[in-house]
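Below is one structure; the comments refer to it alone.
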Amino acid sequence: MKKNLGILGLLIVVCVVTALCSRGFLTEFNIENLIRRTALFGIISIGAAFVIITSGIDLSIGSVVCLIGCLVPWLLVEKGIGVPVTLLMIACISLCVGLIHGLLITKLRLQPFIVTLCGLLIYRGITRGFLDDQTTGFKGQFEDLRQIGAGAISLPGTEFDLPIPLLILLAVAIAAAVFLHRTIYGRYLLALGRNEEAARFSGVNTDRMIVLAYVICSLLAGLGGLLFVCDVGSAQPVDFGNFYELYAIAAAVLGGCSLRGGEGSVLGVILGTAVMRVLKNSITMIDAIPNKIEFAVIGLVILGGVVADELMNRFAATRAVDTKPNLTSKST
Amino acid sequence: MAIPTADSPPLLEVREISKSFFGVPALRNVSLSLRAGEVHAVIGENGAGKSTLMKVLAGVLSPDSGQIRLDGTPVSVDSPQTAFHLGIAMIHQELNLCDNLDIGANIYLGREPTSYWQIDDARIYRNACRHLEAVGLEVSPRTRVDQLTIGKQQLVEIAKAISVDAKLVIMDEPTSSLSQQEATKLFAVIRRLRDQGVAIVYISHRLAEVSELADRVSVLRDGEVAGSIEHDQITHDNMVQLMVGRNISQSYARGHREIAQPMLSVNGLRTELHPAHPLEFEVHAGEIVGLAGLVGAGRTEVLTSLFGVESPISGNISIDGHQVMIANPREAIAAGIALVPEDRKQQGLILEESIRHNVGLTGLKRHRRIGGFANYARELEDTNKMSNELRIKSSGNGQLTKHLSGGNQQKVVLAKWLAMQPRVLLLDEPTRGVDIGAKQEIYRLIEQLAQRGVAILFASSEMEEVLSLSDRVLVMHEGQLTGEIGRDALSEERIMQLATGSDLVQKLELTVAH
């Protein structure tokens, strides 16, 4: 909880600074767009968090976004396949991707980094080869379906429109939080992330839980791909979803997930995503910051956040040691 | 050959060395003298202080007090490097070779001869050849170490020691993973080194080897030197006597228990470590059976195989007369088996989680609600109940287990298994790293469980624990069940005889007596 407050503080600071430096930041249009992008990235970041909690990593998220994002318009427009079948197909593909990652990692004991790095290369390559680097787009059709990414609901009594992806993010976030903190499987995930061997010795089916985490991650990446392409309207296999896995991982870590595993909260991940998006937005908005150094700024802010967190932890740890005699004397 | 005599001056003298870990003494005023040209065996039970003493000599640990004198002058061995320069080489049980490098590179690792800033390979291999010859290893020094058998790797370690003109070579259980043939070859090399005037400290559990090889034997017991035996006095019985020596204090009172039907029956169990020896034994409801043996005898493997952590090669396991298939811990738990594992911090607990989460972990599935929702109320209830029953000392159920003392950590591990009310409880070193007070509580608890009809099988390296807790003791030696001793016939000598693999005649006597 303390961690979430810290990241919320960072978010507010970045927002206030940007609002003071740029007149465009607090406009309705910008805020609505910011919320939309945060929601879209939040969904894939929650997926990344599940894998990170098991002390794994998924580098293939961006390529899965690309694969699904390019496939959806292609299937609908070029192939004329109906919406329900298309959705079913992309769900199956995403699920299979996660399943393959999970099985390779648990059954063959391959390292998650390697498996998903290969995934990153393979899915991108397949998409580009399959579509011959041609952009796929909705070409003005399927406006109803596109609402899930691009649409908004106007709030009665205000000028403000609520982007639909935010509602989807809320649904995903609530489901994820309930799963993580209210079901026995969530507890298993957190437990095995901290100590897989002890979890196995306690009768947890650790392999199955790890596979499940990779499946959830790929499914959410697939959902992300669908929503991104619905938002934008078209997808280019060369760069669609490029670096998204890194944004997702950074957001999860910024939001309190430890790459050592066993730690993380859904709310933190969403706040982490928001910080990332606002930062990117403020670099565009504030004229004093050249757009070219965008990556450097984002990198430095994340690094600063992680260093601050580590220092706080150490401070708390030394204090805990100092007060330990009191703790033991209180015990019965 | 220069047979060392009592009046030849000592090469290395250890005077009044003491060493404690967290207030627990591991060595108490240990004095020892080693002469050039002798094989000096150091023996003792598990935990007697052998490895601590050797680590002090090799500079891995620094003693709290005492002195080490080399050739009559006091020296300070404050790091392995210093020891190395003083001519003290230690060959660890787990060999310290880089198996991706070749023999020559390993022998000269960290002190490679150079010419013009380049490693002088020609010199390395020329010299390595000579050292390999000295240990009777006929392979090219360009052979990668991972291509060699363990026995040959050991010879490479000795060659490395020779290459620095070591005056003292310490060998920790050098034959533990060697075949008979390799061991014979090793002994020949050891004797040759001795004849060249090197002092050899030989640590072993295998008393037969010791009587064959040693010129002198020092026995450690509870961190003290229990005595030394000169060459002509070295016999199996003399050694066992000194190792055991102490009066067995019946430190805790046993209640009376009904021993009922066989609860755990094991038939033809072959573990992966010792596939040649099928095991067969039973543990009855309400019975506490001790599993004794020296380090590496295969006790842990028996327990982990029963719990499904490793899959045994073959074997039938029955619980309460019904055969069960156990391929993983989940199936073991379903069959009513619980394991308190050997490595508490790695296998028993999730240190970064709270007492409540650790205790609750095994019960989550059992108490889950429809849809897989966790029953936290039940978890809290179980944890509170167990904390009271086991008297876990903490600042609350939310305290992280890494902040608990060893004894309380072990109670948490016990609590998480007792909450499931097991029919068979397996414990591996149940009181390792636990203070005296908590030890007694754990014994009392085990006893209570047996009274409730739980079948208990525990492995322990602590002789006193085995003697005071067990209704019956199974003794293992190198993967084999060498004997079974009933409560009435239980004595430390008998266990040690069986555990060190003494001759068959004694073994037959024991089983007949039982």
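Throughout, read-outs are computed from the coordinates displayed, never taken from laboratory work. Every value quoted in this text rests on a predicted model; they were computed, and no experiment measured them. Ideal geometry is used to build each Cβ from the backbone, glycine not excepted, and the neighbour counts take in all protein chains shown.
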Worksheet entry | Quotient of Cα Rg and 2.2 N^0.38 Å for the range B:347-490, N being how many residues it contains | 1.15
Worksheet item: Of A:Lys3/B:Lys411; A:Lys107/B:Lys365; A:Lys3/B:Lys393; A:Lys2/B:Lys416; B:Lys365/B:Lys385; B:Lys50/B:Lys167, which pairs sit farther than 25 Å apart, going by alpha carbon to alpha carbon?
Response: A:Lys3/B:Lys411; A:Lys3/B:Lys393; A:Lys2/B:Lys416
Practice prompt. Calculate the tail of P(r) for chain B: the fraction of all Cα-Cα distances greater than 31 Å, expressed in %.
Written response: 53
Discussion item. Distance between the C-alpha centers of the range B:319-360 and the range A:143-168? Whole Å please.
Written reply: 50
Response to the item:
Within 10 Å of the Cβ of an average residue in A:287-298, the count of other chain Cβ atoms is 0
Practice prompt. Measure off 7 Å from each Cα along the Cα-to-Cβ vector at B:Ser20 and A:Ala171, then give the distance between these two points in nanometres to one decimal.
Written response: 6.6
Fill in: Residue-by-residue Karplus 3J(HN,Hα) for the range A:257-274, coefficients 6.51, -1.76, 1.60, Hz, glycine and proline x
7, 9, 5, 6, x, x, 9, x, 9, 5, 4, x, 4, 5, 4, x, 4, 4
Discussion item. Viscosity 0.890 mPa s, temperature 25 °C: what is the translational diffusion coefficient of the range B:401-476 from Stokes-Einstein with a Kirkwood Rh over Cα pairs, rounded to a whole number of µm²/s?
Written reply: 190
Worksheet item: Compactness ratio of the range B:1-144: Cα Rg over 2.2 N^0.38 Å, N = residue count?
Response: 1.26
Item to complete: Starting from the Cα of B:Ala327, step 7 Å toward the Cβ, then list every residue of the range B:275-315 with an amide N under 12 Å from that point.
Response: B:311
Worksheet entry | A:Phe113-B:Glu138 pseudo-label distance in nm [points 7 Å out on the Cα-to-Cβ vector] | 4.6
Response to the item:
Note: probe point = Cα of B:Arg130 + 7 Å toward Cβ; backbone nitrogen < 12 Å; residues of the range B:71-103 passing the test are none
Worksheet item: Which cross-chain or sequence-distant (5 or more) residues have an amide H under 5 Å from the amide H of B:Ala459, H modelled 1.01 Å from N in plane?
Response: B:Leu291, B:Leu427, B:Asp428, B:Glu429
Discussion item. Apply the Karplus curve 6.51 cos²θ - 1.76 cosθ + 1.60, θ = phi - 60°, to the phi angles in the range A:185-195 and return the couplings in whole Hz, x for Gly and Pro.
Written reply: 5, x, 5, 4, 4, 5, 5, 6, x, 7, 7
Worksheet item: Size of the dipole of the range B:119-253 about the Cα centre, Lys and Arg at +1 and Asp and Glu at -1 on the beta carbon, nothing else charged, in debye to 20?
Response: 380
Discussion item. Under the rule a/c < 1.5 gives rounded, and otherwise a/b versus b/c splits prolate from oblate, where does the range A:35-161 land using the Cα gyration tensor?
Written reply: oblate
Item to complete: Work through the residues other than A:Thr116 whose Cβ is under 11 Å from its Cβ and net out their charges, Lys, Arg +1 and Asp, Glu -1.
Response: -2
Practice prompt. State to the nearest 20 debye the size of the charge dipole of chain B about its Cα centre, where the only charges are +1 on K and R beta carbons and -1 on D and E beta carbons.
Written response: 1420
Worksheet item: So what are the three principal axis dimensions of the range A:4-103 from its Cα atoms, in whole Å, longest to shortest?
Response: 49, 38, 18
Worksheet, complete the sentence: Per-residue average of other protein chain Cβ atoms inside 10 Å, peptide A:132-142 -> 0
Worksheet item: Which loop GluC sites (Glu not before Pro) in the range A:70-176, with loop taken from DSSP, have no more than 12 other Cβ atoms within 10 angstrom of their Cβ?
Response: A:Glu159
Practice prompt. Label the protein assembly as shown by shape, choosing from rounded, prolate and oblate, from the square roots a ≥ b ≥ c of the eigenvalues of the Cα gyration tensor; if a/c is under 1.5 it is rounded, and otherwise prolate applies when a/b is larger than b/c, oblate when it is not.
Written response: prolate
Worksheet, complete the sentence: Once amide hydrogens are built 1.01 Å from N within the peptide plane, the residues lying 5 or more places from A:Ile153 or on another chain with amide H under 5 Å from its amide H are A:Leu162, A:Ile164
Worksheet item: Can you list the HN-Hα couplings for the range B:291-307, worked out from phi with the Karplus curve (6.51, -1.76, 1.60; θ = phi - 60°), rounded to whole Hz and with x for Gly and Pro?
Response: 10, 9, x, 7, 4, x, 6, x, 5, 4, 5, 4, 5, 5, 5, 5, 8
Discussion item. Starting from the 7 Å offset along Cα-to-Cβ, what nm value, one decimal, do you get for the label separation of B:Arg366 and B:Gln440?
Written reply: 3.0
Discussion item. Can you give the FRET efficiency to the nearest 0.05 for A:Leu5 and A:Arg314, using r as the Cβ-Cβ distance and R₀ = 25 Å?
Written reply: 0.85
Worksheet item: Peptides B:369-375, B:54-60: what's the order by average Cβ count within 10 Å, highest mean first?
Response: B:54-60, B:369-375
Fill in: Length gained when the stretch A:Leu246-A:Met89 is fully extended (0.36 nm per residue, less Cα-Cα span)
53.9 nm
Discussion item. What's the magnitude of the charge dipole for the range B:287-414 around its Cα centre, counting Lys and Arg as +1 and Asp and Glu as -1 at the beta-carbon? Answer in Debye, nearest 20.
Written reply: 480
Worksheet entry | Residues B:Gln196 and B:Tyr116, FRET efficiency given R0 of 30 Å [Cβ-Cβ distance, rounded to 0.05] | 0.30
Item to complete: Would you please put A:166-173, B:154-161, A:308-315 in order of how densely packed they are, using the mean number of other Cβ atoms within 10 angstrom per residue and starting with the highest?
Response: B:154-161, A:166-173, A:308-315
Discussion item. Within 10 Å of each candidate Cβ there may be at most 15 other Cβ atoms; applying that plus a DSSP loop requirement, which trypsin sites (Lys or Arg not before Pro) in the range A:195-301 survive?
Written reply: A:Arg260
Item to complete: Report the calculated FRET efficiency for B:Ser211 and B:Gln93 (r = Cβ-Cβ distance, R0 = 22 Å), to the nearest 0.05.
Response: 0.60
Worksheet item: Over the range B:110-268, with a single point scatterer placed on each C-alpha, what log10 of the ratio I(q)/I(0) does the Debye formula yield at q = 0.10, 0.12, 0.21 1/Å?
Response: -0.57, -0.72, -1.35
Worksheet item: Sequence-distant or interchain residues sharing an amide H contact under 5 Å with B:His92, placed H: which?
Response: none
